[in-house]
Amino acid sequence: MYGSTGYSNGDHHQQPGAGEKRAASRGRRGGRRSRDLHGFRVSEYNHHQNISNNDDQQEQKSPPPCTDFDKAYFHSYAHVGIHEEMIKDRVRTETYKTAVMQHQSFIEGKVVMDVGCGTGILSIFCAQAGAKRVYAVDASDIAVQANEVVKANNLAERVIVLHGRVEDVEIDEEVDVIISEWMGYMLLYESMLGSVITARDRWLKRGGLILPCNATLYMAPITHPDRYNDSIDFWRNVYGIDMSAMLQLAKQCAFEEPCVETITGENVMTWPHVVKHVDCYTIQLHELESVSTRYKFQSMMRAPLHGFAFWFDVEFSGPANSPTNNHTQSLLIGTSNNNPVDGIPRKKRSNPNEALVLSTAPEDPPTHWQQTLIYFYDPIELEQDQIIEGSLTLSQSKENRRFMNILLEYSSGGRSYVKESVMR
């Protein structure tokens with residue numbers, strides 16, 4: 001279905017794989033997430049922390065090296081502005097606080113690990129819920145401030161700040177609960193989920209709790225004429241001057257890279273397709289290296305197709321509900337294997353137990369994650385019920401595993417296209 005067409009909408013229109021990859025640098029403030037720096041360092045204030053380095057631990061597989069990219073990434077999270085942005089996201093922070101209180105029976109009197117603790121706010125929520133001990137782990141220098149926050153709240157005997165990578169730090173006991181706010185843009189950007197997996201495999205007791213327990217990444221075609229007009233059509237007449245010679249450069253500068261923006265449900269042309277469901281109890285590190293899916297949408301409106309939007313939700317539920325049942329039920333809804341055409345009216349997510357959900361969907365209250373948009377250089381005019389189909393591959397960059405390579409192949413009206421970009 002990806003035969004050559006002789007038509008271009010500004011994206012690659014060769015056979016899949018024939019195009020030159022384009023790097024789409026967004027110029028972010030070092031990324032949205034930070035957690036983990038090389039080496040192990042326990043905050044000097046936590047003198048009561050016991051370190052275990054027995055033979056069994058020495059025989060474990062060596063942790064991955066900390067690259068210069070990692071160090072720069074961690075360093076970016078020492079800046080208070082990033083943490084301020086996340087904490088001020090009330091949807092995010094209040095959902096986590098609610099999740100902790102809803103699972104107080106799993107937390108009270110138990111040992112908790114907060115992976116990527118930042119300022120320590122989630123660790124403190126757990127301590128307030130009665131946790132016996134909380135290990136707050138972060139590689140960024142923000143851990144120094146986290147320790148001061150812990151002391152200021154008289155929790156230094158129960159919240160132990162560990163300044164180091166999850167892959168490198170050592171504790172001498174298993175944990176009952178792992179909590180982490182690991183999600184990046186497009187869910188998997190910045191690859192912090194790998195640290196949660198490492199913590200789970202190293203320390204989580206059998207039957208322990210992970211918050212959140214699962215996550216789902218969605219995609220859907222969008223129409224967004226206002227954005228296109230503001231960025232592109234502006235150049236056709238600038239104070240009476242024809243600047244249309246700028247159009248190609250304007251398209252490249254505006255749409256070459258993935259954009260993090262807020263859209264509304266009115267921009268979405270169909271019901272979403274599930275790109276990836278993540279079960280935090282069972283997912284393995286190698287699964288994060290590459291995620292692929294095929295999709296087939298049927299437009300619910302007559303409008304120009306400007307690109308695709310991506311968003312995610314995460315679910316907080318107890319261990320009895322999460323590892324198997326919800327995983328299976330979630331896969332039965334919104335996947336192309338069970339629905340030949342995506343975009344037909346159906347429930348967006350499986351939530352049979354009405355578990356607590358943090359959503360970044362366009363129709364839900366906005367969060368600092370917003371939505372991730374991949375725009376075409378030129379829109380495709382769609383009729384109602386017209387089919388859009390293709391494939392998507394998200395893969396960790398070989399240059400830097402925290403970067404995400406995006407290969408988007410799409411076809412409609414007998415014409416096929418390829419767009420490649422890098423999210424970094």
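The values are calculated or read from the model by the stated rules, or taken from the named source; none is laboratory data. Not measured: the values here are computed from a predicted model. Note: ideal-geometry Cβ built from the backbone for every residue, glycine included; neighbour counts use all protein chains shown. The accessibility values were calculated without ligands, DNA or RNA, using every heavy atom of the protein model including side chains. Shrake-Rupley method; radii C 1.70, N 1.55, O 1.52, S 1.80 Å.
Okay, here's what the table says:
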read-out	value
Leading residue by the ranking (nearest to P64 (Cα to Cα)) among those in segment 395-406 that are out of contact with any Phe, Trp or Tyr (no Cβ under 9 Å at 6 or more places or on another chain) and touching a residue at least 40 places away in the same chain (Cβ under 8 Å)	S395
Sole residue being aliphatic (A, V, I, L, M), open to solvent by less than 50 Å² (accessible area, probe 1.4 Å), over 25 Å from R402 (Cα atoms) and at pLDDT 95 or above, chosen from I263, I241, I283	I263
Subset of segment 390-407 [part of a loop (DSSP other than H, G, I, E, B) and buried (at least 17 other Cβ atoms within 10 Å of the Cβ)]	N400, R401, R402, F403
Those residues of segment 176-215 which are in a strand (DSSP E or B) and within 18 Å of A139 (Cβ to Cβ), in sequence order	I178, I179, S180, G184
Output for segment 174-211, where each listed residue is among the acidic types (D, E), within 30 Å of E261 (Cα to Cα) and in contact with a strand residue (DSSP E or B) (Cβ under 8 Å, 6 or more places away or on another chain)	E190
Some residue of segment 78-85 being at pLDDT below 80, open to solvent by 10 Å² or more (accessible area, probe 1.4 Å) and not charged (D, E, K, R)	yes
Condition check for E383: surrounded by fewer than 22 Cβ atoms within 10 Å (Cβ to Cβ), in contact (Cβ under 8 Å) with a residue 24 or more places away in the chain and touching a Lys or Arg at 6+ places or on another chain (Cβ under 6 Å)	yes
Complete set of residues in segment 114-132 that are in a helix (DSSP H, G or I) and either touching a Ser or Thr at 6+ places or on another chain (Cβ under 9 Å) or open to solvent by 10 Å² or more (accessible area, probe 1.4 Å) (or both)	I121, L122, I124, F125, Q128
Residue list for segment 286-303, filter: of a type outside the set (S, T, Y), open to solvent by less than 30 Å² (accessible area, probe 1.4 Å) and more than 19 Å from the chain's Cα centre (by Cα)	F297, A303
Test: residue in segment 103-113 that is surrounded by 24 or more Cβ atoms within 10 Å (Cβ to Cβ) and part of a helix (DSSP H, G or I)	yes
Scope segment 140-176; condition of a type in the set (S, T, N, Q) and either within 24 Å of S317 (Cα to Cα) or open to solvent by 10 Å² or more (accessible area, probe 1.4 Å) (or both); matching residues	Q145, N153, N154
Qualifying residue in segment 177-190 (condition: open to solvent by 10 Å² or more (accessible area, probe 1.4 Å), under 24 Å from I107 (Cα atoms) and touching a residue at least 60 places away in the same chain (Cβ under 8 Å))	no
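Listed here are the residues, each with its yes/no results for (1) assigned to a helix (DSSP H, G or I); (2) in contact (Cβ under 8 Å) with a residue 24 or more places away in the chain; (3) under 24 Å from the mean Cα position of the chain (by Cα).
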site	(1), (2), (3)
N229	yes, no, no
W235	yes, no, no
L247	yes, no, no
K251	yes, yes, no
T270	no, yes, yes
V274	no, yes, yes
H277	no, yes, yes
